[in-house]
Amino acid sequence: DGTPAGTQALAGGLFVEAFAAFGGEVWFVGGGGQDARLWRTDGTPEGTRPQLLLSTPLPAGTRPVSAWKIVATYLSLLLAVAAGGFANGRALLFGSDEFPSGFTLLEQVDGALGIEFRGTFGARAALSVTGFGAGDFGLWTTDGTLAGTERVLNTGVL
């Protein structure tokens, strides 16, 4: 409520790296590396709980190398992470249009070094994928489904 008396810890000792409001709750990524989890809260300690271990939807042998990113449109919750390393990097985009049943891998861009959400508009989100060499880098949009995820601008070789 904005007052010292009304402020309380919801998940003590947890490193938090991203937030998004979705479905009347706040969703956030807590923890790090292979132990990172997607959490949700209604603002009370009782209503704060982990939803998904984020290493679960990653392809086998993939390790995140950047912070997880999270954004919400009015229809879906989206997660993104850069994984691998400089020589074998990839950008991974996950979406859920049937939340909270799970996430679908919407796009994997090999050779990528980074992925960033750039904004939302209605039911869609814009994101950029960066990397070196040839690849599907550039500006992407998604509505949180496989069919609705596409590269709209190729930025070419950097």
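What follows draws every value from the coordinates through simple rules; no lab data is involved. In this text, all values refer to a predicted model and were calculated from it rather than measured experimentally. With ideal geometry, Cβ positions are generated from the backbone for all residues, glycine too; neighbour counts draw on all protein chains shown.
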Exercise. Report the extension gain between Leu153 and Glu116 in nm, rounded to one decimal, defined as 0.36 nm multiplied by the number of residues separating them, less their alpha carbon distance.
Key: 11.8 nm
Quiz item: Between Asp35 and Ser128, what length in nm is gained on full extension when 0.36 nm per residue of separation is reduced by their alpha carbon distance?
Solution: 30.9 nm
Self-check item: Förster-model FRET efficiency, 30 Å R0, Leu146 and Tyr74, C-beta, rounded to 0.05
Solution: 0.95
